[in-house]
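Here's the structure, in structure tokens; my notes come after.
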Amino acid sequence: MADTAITDDFCLAPLRGVTVRAFRNLHALWFQPPDRAVAPFIPTFAGAKVRPVLLKDIDPGLGQAVPVVPQVIGKDAGQLRTLLHAFKDMGYRCADLNAGCPYPFVTKKGRGAGLMRDADAFARLLETGCEEMPGGFSVKVRLGMDTPDLLARRLGLINAFPLREVTVHARTARQMYGGTVLLDAFAEALALCRHPVVYNGDMRTRQDYLRLKARFPGVTHWMIGRGVAIDPFLIGRIRRGDAPAREAARLKGFLDDYVAANTEELYGPASVLGRMKELWGYLHRSLCQGERVWRSVRVCRTVDEYRRVVEGVFAAFPGFAGDEELCGIGS
Ligand SMILES: Cc1cc2nc3c(=O)[nH]c(=O)nc-3n(C[C@H](O)[C@H](O)[C@H](O)COP(=O)(O)O)c2cc1C
């Protein structure tokens, strides 16, 4: 397998605050892009009028270098319909439902992974989505809330709707984003699901992909989030067994463009700095002496200081960390 071209489909995961429009577009410009991306969730709301700011991240008029599927989070079918109409008005034919967000303040309201507990609300949302989206509706789920058996019990319901695909983050909500992915429970859900299944969780290296592919040869669609934020070269490195060189200059070019795009787009330097630190919280792990680099970026208080620190990092570039250091990173 190491020498054959990999033709599977790779989707960039939604990471709120990280895989935003500027990231998606600039990542596609500087690195091998994913086949598509699911955008970070947009919450449903009461009322008929959608505030344009809610939709800015997915506005195709602002540029879209990879195909994007918008994602919603909510629990009310009427509110979902309002948002899906807005997506359709923007030209989208597909949308995705977040039934995996693990934060208790979300799940307690029956949203995100909390939807999986409420079969009736879940069914109403799936029905509405399938009715509304001409190109197909999809859902992103976890294996369960506290234990990894809820998804298997919900698959009867999920199978009853004509979904385009089901993305499974192979963890429970209680695990949040840490601990090991639960591959036995994923295997069970995969066997029961009649829709195309997208695997998601902890893919950091080509070896991770090859191991997962060997275990689940029927899975052809993979979603990667933090792996790409840690190592923006990852999709190219997975696809091409010859492990194309990671180039510091390319990473620097991307980072310079990203800070410039955020400066243009966000209100105020604190937001720009916050956005850059959000990314560096992942990115530093792909560098040698990553902790040292992260400490110097984390303490920056102005965008100018940030720029100087990053210039310094690349002027004396510490090198890229080896794959063994990236393997099996949890949160
Ligand atoms: C900071 C952060 C933000 C996230 N935002 C979203 C989101 O908006 N929608 C969603 O479905 N999942 C969201 N997730 C979950 C990821 O899409 C993904 O399922 C999870 O990170 C596991 O995949 P990975 O190991 O490839 O990152 C988020 C995760 C993180 C860490």
Identify the residue in segment 74-114 that is in contact with a helix residue (DSSP H, G or I) (Cβ under 9 Å, 6 or more places away or on another chain) and among the acidic types (Asp, Glu) and, among all such residues, is nearest to the ligand (Cβ to nearest atom).
-> ASP96
Hey, any hits in segment 58-73 for a residue that's within 14 Å of the ligand (Cβ to nearest atom) and either in contact with a His (Cβ under 9 Å, 6 or more places away or on another chain) or assigned to a helix (DSSP H, G or I) (or both)?
-> yes
Determine whether ALA48 is of a type outside the set (Phe, Trp, Tyr) and crowded, with 19+ Cβ neighbours inside 10 Å.
-> no
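Restricting to segment 124-153, name every residue that is away from the ligand (no atom under 16 Å from the Cβ), over 18 Å from LEU80 (Cβ atoms) and not small (Gly, Ala, Ser). Please lay out each step first, then the result.
Going through segment 124-153, the residues away from the ligand (no atom under 16 Å from the Cβ) turn out to be 124, 127-128, 130-136, 146-147, 149-150, 152-153.
The next check asks that each one be over 18 Å from LEU80 (Cβ atoms); those that pass are 146-147, 149-150, 152-153.
Within segment 124-153, ASP146, THR147, ASP149, LEU150, ARG153 meet the criteria.
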Just wondering, is there one or more residues in segment 155-174 that are out of contact with any strand residue (DSSP E or B) (no Cβ under 9 Å at 6 or more places or on another chain), within 11 Å of the ligand (Cβ to nearest atom) and under 30 Å from PHE320 (Cα atoms)?
-> no
Just one of the numbered conditions (1) more than 24 Å from the chain's Cα centre (by Cα); (2) modelled with pLDDT of 95 or more is not true of LEU266; which one?
-> (1)
Has segment 120-132 got any residue that is in contact with a helix residue (DSSP H, G or I) (Cβ under 9 Å, 6 or more places away or on another chain) and basic (Lys, Arg)?
-> yes
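Can you find a residue in segment 72-93 that is among the aliphatic types (A, V, I, L, M) and under 24 Å from GLU278 (Cβ atoms)? Talk me through it step by step, then tell me what you get.
Pass one, segment 72-93, residues among the aliphatic types (A, V, I, L, M): 72-73, 77, 80, 83-84, 86, 90.
Filter once more, so that each one left must be under 24 Å from GLU278 (Cβ atoms): 72-73.
The answer is yes, given that some residue of segment 72-93 is among the aliphatic types (A, V, I, L, M) and under 24 Å from GLU278 (Cβ atoms).
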Which one is farthest from the ligand (Cβ to nearest atom) among residues in segment 1-43 that are surrounded by fewer than 23 Cβ atoms within 10 Å (Cβ to Cβ) and among the polar types (S, T, N, Q)?
-> THR4
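The values are calculated or read from the model by the stated rules, or taken from the named source; none is laboratory data. Keep in mind the model is a prediction, meaning the values are calculated, not measured. All Cβ positions, glycine included, derive from the backbone under ideal geometry; neighbour counts span all protein chains shown.
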